[in-house]
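One structure is given below, encoded as structure tokens.
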């Protein structure tokens, strides 16, 4: 493996960390209806746990309600059960054709809890970045490159870490602002 390959691997690993943080933040409820709130919901579809997006169409007619239109009417009950089991703080109702989920407004206390959760996701992402940096530096030591080249590569790795860390900070700040907006 060469130093350039090592840098590419580190960058890919760091991108995965940022993508994971982004995915986690999408699941944080902001008081507005968003189909991403149901990303973790798995429906028992003919005995197989299936993501809700694969068995239904999810829309948001307004900012306070999600409408889930199942592709098969027979799966309405399973969708309703899956949303209740997911423990995401939302209560589904069905009218025989679609499942409706009202997204209640957040209390001030709940908003503060969500900010703590956002910070936790952000810190987890940064830990992932630091682990990738550490692995990269260890890999660099094994490559047996000159001291000057090693120093240059270490600087590159640190620049990547700083870049992706800043990206995570921006994602978290944006989500915090969204959660705290009443």
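The values are calculated or read from the model by the stated rules, or taken from the named source; none is laboratory data. As the structure is a computational prediction, the values presented were derived from the model and not from experiment. Ideal geometry is used to build each Cβ from the backbone, glycine not excepted, and the neighbour counts take in all protein chains shown.
Inspect all residues belonging to the range 26-38 and state whether any of them is at pLDDT 85 or above and either farther than 30 Å from residue 139 by Cβ or loosely packed, with under 14 Cβ neighbours inside 10 Å (or both).
Within the range 26-38 (the criterion being at pLDDT 85 or above and either farther than 30 Å from residue 139 by Cβ or loosely packed, with under 14 Cβ neighbours inside 10 Å (or both)), the answer is no, since none of the residues qualifies.
Provide a single number: the residues in the range 50-64 that are out of contact with any helix residue (DSSP H, G or I) (no Cβ under 8 Å at 6 or more places or on another chain), at pLDDT 85 or above and more than 16 Å from residue 27 (Cα to Cα).
Residues flagged as out of contact with any helix residue (DSSP H, G or I) (no Cβ under 8 Å at 6 or more places or on another chain), at pLDDT 85 or above and more than 16 Å from residue 27 (Cα to Cα) within the range 50-64 amount to 4.
Based on what the data block shows, is residue 132 surrounded by 12 or more Cβ atoms within 10 Å (Cβ to Cβ), touching a strand residue (DSSP E or B) at 6+ places or on another chain (Cβ under 9 Å) and on the phi < 0 side of the Ramachandran plot?
Values: surrounded by 12 or more Cβ atoms within 10 Å (Cβ to Cβ): yes; touching a strand residue (DSSP E or B) at 6+ places or on another chain (Cβ under 9 Å): no; on the phi < 0 side of the Ramachandran plot: yes.
It is false that residue 132 is surrounded by 12 or more Cβ atoms within 10 Å (Cβ to Cβ), touching a strand residue (DSSP E or B) at 6+ places or on another chain (Cβ under 9 Å) and on the phi < 0 side of the Ramachandran plot.
Considering (1) in contact (Cβ under 8 Å) with a residue 24 or more places away in the chain; (2) part of a helix (DSSP H, G or I); (3) under 24 Å from the mean Cα position of the chain (by Cα), say which one residue 127 fails and leave the rest.
The single condition residue 127 does not satisfy is (1).
Sort out which residues of the range 68-87 are surrounded by fewer than 16 Cβ atoms within 10 Å (Cβ to Cβ) and either touching a helix residue (DSSP H, G or I) at 6+ places or on another chain (Cβ under 7 Å) or in a helix (DSSP H, G or I) (or both), and write them in order of number. Spell out the reasoning first.
Filtering the range 68-87 for residues surrounded by fewer than 16 Cβ atoms within 10 Å (Cβ to Cβ) gives 69, 71-74, 77, 81, 84-85, 87.
Once the filter is applied, which keeps residues that are surrounded by fewer than 16 Cβ atoms within 10 Å (Cβ to Cβ) and either touching a helix residue (DSSP H, G or I) at 6+ places or on another chain (Cβ under 7 Å) or in a helix (DSSP H, G or I) (or both), the range 68-87 yields 71, 73, 74, 77, 81, 84, 85.
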